[in-house]
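Report on one structure; see the data block that follows.
Read-outs throughout are calculated quantities, based only on the coordinates presented, and are distinct from any laboratory measurement. Note that the structure is predicted; figures quoted are calculated from it, not measured. Methodologically, a virtual Cβ is constructed for each residue, glycine included, from the backbone with ideal geometry; neighbour enumeration extends over all protein chains shown.
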Amino acid sequence: MVEESGHFWMSMDSSEQLVIGNGEVLLINSKTGESTRIGNTVDEARTKLKELSKDEFFPDFMTDYNF
């Protein structure tokens, strides 16, 4: 299955990536490739990043991006 990925962010320490595609937001570990769905909307993903204390690693996504 081919996934369409429209938007991508790398964390400030390059350890994780955020990808928006196919109606979901994924948090991907750069080392292991493990992915975790953190929401279906930008607001859900921002809330989940705050809960995980990872919001500071994605400042552009947290403040500038509106989907």
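Taking the beta-carbon count within 10 Å as an exposure proxy, list ILE20, ILE28 from fewest neighbours to most. Intermediate values should be presented prior to the final figure.
Numbers: ILE20 22, ILE28 17.
Going from sparsest to densest Cβ surroundings: ILE28, ILE20.
What distance in nm separates the simple spin-label points at ASP60 and THR47, each placed 7 Å from Cα in the Cβ direction?
Reported label-point gap for ASP60 and THR47 is 2.6 nm.
Cut-off is 10 Å between beta-carbons; in what order do ASP55, ASP60 appear when sorted fewest neighbours first? Please list the in-between numbers first.
Values: ASP55 17, ASP60 11.
The order, fewest Cβ neighbours first, is ASP60, ASP55.
Can you sort PHE58, PHE8 so the residue with the fewest Cβ neighbours within 10 Å comes first?
Numbers: PHE58 21, PHE8 12.
Arranged by neighbour count, lowest to highest, PHE58, PHE8 become PHE8, PHE58.
For the stretch 12-51, which trypsin sites (Lys or Arg not before Pro) are in a loop by DSSP, counting at most 12 other Cβ atoms within 10 Å?
LYS31
Note down, for the chain, the three equivalent ellipsoid semi-axes (square root of 5 times each alpha carbon gyration tensor eigenvalue), biggest first, whole angstrom.
Numbers: eigenvalues 54, 43, 23 Å².
After scaling each eigenvalue by five and taking roots: 16, 15, 11 Å.
Please return the longest stretch of the chain lacking exposed loop sites, where GluC sites (Glu not before Pro) count only if DSSP places them in a loop and at most 16 other Cβ atoms lie within 10 Å. Mind dumping the intermediate values first?
On the way: sites that count: GLU3, GLU4, GLU34.
The longest such stretch corresponds to 35-67.
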